[in-house]
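Everything below concerns the one structure shown next.
What follows draws every value from the coordinates through simple rules; no lab data is involved. Please read these numbers as outputs of a predicted model, since none were measured by experiment. Ideal geometry is used to build each Cβ from the backbone, glycine not excepted, and the neighbour counts take in all protein chains shown.
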Amino acid sequence: MNKTASLSPDVNDPGYRAVTFDQLVSAYKEQVEALLDGGVDILLVETIFDTLNAKAAFYAIDEVFEERGTRVPLMCSVTITDASGRTLSGQTIEAFLISMQHVPLFSMGLNCALGAAQMRPYLEVIAEQSPCRVSIYPNAGLPDQMGEYRETPEVTARLVGEFMANGWVNVVGGCCGTTPEHIAALAKERGSMRLVQHRCWHECFTTEAQRAQRSQRMTHNEVSSLVIKAAIAVHRALGPGLLESVYQVCLLAELKSMGLRVQEQVAVPIVYRGERLANDLRIDLLVEDRVIVEIKAVEELHPIHTAQLLTYLKLTNKKLGLLINFNTTKLIEGLERVMNGYLDEGE
């Protein structure tokens, strides 16, 4: 879709939009359904110039997944349009990553508009902040006055090779101006470096797809049991007496090592009398989009802590939350399950 949902194509009418969100969703759904019918192993939303368009694409994908009862891994690739370091709709890389944090991604990355040399600072940000794998497929440098790309395969491979050597990327390729020779040079540059810990790409995609299917089938109790298991492992390693932020970082790492989808510091909007207020509430961890985890390091848990978690559950329409106080000799003494209503039978 080459229309933007965030910007007006008419400089004399800045409020005009050439396309609506619903129209984008409808168009993307048609594409997703056709791709899945064709048997694709993965879906890539790429060359993202407008975050609202990307949100419509992932919304459409999720609708199709729900309708079909099946999922495939998702890749996301954004385009930084110029030296300002922003997308066409004005977001920085940091802001874009936050905007996409609700999507369970196989990879996040960059493509198009710039060459590898110009992408370097933005790729470094993604490598530092993205919770998933990282991809990059740059142009063959910048085009000349005639629109031709002059960067040789050797130069592209050397630049991307530095990213691989730094451990910044898991998926590499080429965009505008690149040729089969560029791709061959990238493969040669990679040599024996393993960018993803699987024997082959098909195995990598299959593993991700299986994880997504497993996630769909997991009950609330199964997720909470895994969270408790991870929390016990963290507590055994660290013991009591540290800051909540330390426990949160370690628990996040432990849960991800178990193959669970985890979002941290999830924003919960505060709406008062129909108006969204400036400050959002923040959930410590949201695991598999099912279980809210609130982390404490206090002398003892109080009713106010339980009430806070229950409020989060009600505001987000989630069923189950875990309150975990790491400042105890035995972690089991600092665990509390909080339920919003009743879980379905078997949950």
- Item | D_trans [Stokes-Einstein, Kirkwood Rh over alpha-carbon pairs] for the chain, 10 °C, 1.306 mPa s, µm² s⁻¹ | 71 µm²/s
- Dividing the alpha-carbon radius of gyration of the stretch 109-165 by 2.2 N^0.38 Å (N being the number of residues), what value is obtained? 1.16
- Query: Can you give the % of DSSP beta bridges in the stretch 14-119 that are antiparallel, to the nearest 5?
  - Reply: 10 percent
- Query: Which pairs in the list LYS29/LYS188; LYS296/LYS319; LYS3/LYS318; LYS256/LYS296 are over 30 Å apart, alpha-carbon to alpha-carbon?
  - Reply: LYS29/LYS188; LYS3/LYS318
- Amide H partners (placed H, <5 Å) of ARG86, local residues excluded: THR81
- Around GLN31 (Cβ within 15 Å, Cβ-to-Cβ, excluding GLN31; K/R +1, D/E -1) the net charge comes to -4
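Just in the stretch 273-347: which chymotrypsin sites (Phe, Trp or Tyr not before Pro) are loop by DSSP and have at most 14 other Cβ atoms within 10 Å? All intermediate terms of the calculation are to be shown ahead of the outcome.
Working: sites: TYR312, PHE326, TYR342; in loops: PHE326, TYR342.
Passing both the DSSP loop test and the Cβ count: TYR342.
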- Message: Taking the Cα centroid of the stretch 1-69 and of the stretch 225-259, what is the distance between the two, rounded to the nearest whole Å?
- Response: 37 Å
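Based on other C-beta atoms within 10 Å, arrange ARG17, ARG276 from fewest to most. Display every interim value, and only then the final one.
Values: ARG17 18, ARG276 10.
Listed from fewest to most nearby Cβ atoms, that is ARG276, ARG17.
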- Query: Exactly which trypsin sites (Lys or Arg not before Pro) in the stretch 119-163 are in a DSSP loop and have at most 13 other Cβ atoms within 10 Å?
  - Reply: ARG150
- Message: For a quick check: with amide H placed at 1.01 Å from N, whose amide H comes under 5 Å from VAL262's, ignoring anything fewer than 5 positions away on the same chain?
- Response: GLU288
- Note on the structure: Tilt, helix 180-190 to longest principal axis of the chain (alpha-carbon atoms), in degrees rounded to tens, equals 50 degrees
- Task: Note down the net charge around PHE65, summing +1 for each Lys or Arg and -1 for each Asp or Glu among other residues with Cβ under 12 Å from its Cβ.
- Result: -2
- Out of ALA117, ALA140, ALA60, any idea which swings most in a Gaussian network model of the chain, alpha carbons joined below 10 Å? ALA117
- Task: Mind giving me the nanometre distance, one decimal, between the label points for LEU281 and SER245, set 7 Å out from Cα along Cα→Cβ?
- Result: 2.3 nm
- Message: Given axes a ≥ b ≥ c from the Cα gyration tensor, I'd like to know whether the stretch 1-119 is rounded (a/c under 1.5), prolate (a/b larger than b/c) or oblate.
- Response: oblate
- Message: Run through the stretch 1-109 and list the chymotrypsin sites (Phe, Trp or Tyr not before Pro) located in a DSSP loop whose Cβ has at most 13 other Cβ atoms within 10 Å.
- Response: TYR16
- Task: Please arrange HIS302, HIS182, HIS102, HIS220 by counting, for each residue, the other beta carbons lying within 10 Å of its beta carbon, fewest first.
- Result: HIS302, HIS102, HIS220, HIS182
- Item | For GLY109, residues with placed amide H under 5 Å, excluding near neighbours | CYS76, SER77, VAL78, SER135
- Report the Stokes-Einstein translational diffusion coefficient (µm² s⁻¹, integer) for the stretch 65-165, Rh taken as the Kirkwood radius over Cα pairs, at 10 °C with viscosity 1.306 mPa s. 108 µm²/s
- Task: Could you go through the stretch 91-100 in sequence order and give the Karplus-derived ³J(HN,Hα) for each residue, using 6.51 cos²θ - 1.76 cosθ + 1.60 with θ = phi - 60°, rounded to whole Hz, and x for Gly and Pro?
- Result: 8, 6, 4, 4, 5, 5, 4, 5, 5, 9
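Can you say what percent of the DSSP beta bridges in the chain, counting only those with both residues inside, are antiparallel? Round to 5. Walk me through the numbers on the way to the answer.
Values: 18 of 40 bridges.
Percent antiparallel among DSSP bridges in the chain is about 45.
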- Between the alpha-carbon centers of the stretch 263-310 and the stretch 139-158, tell me the distance in whole angstrom. 48 Å
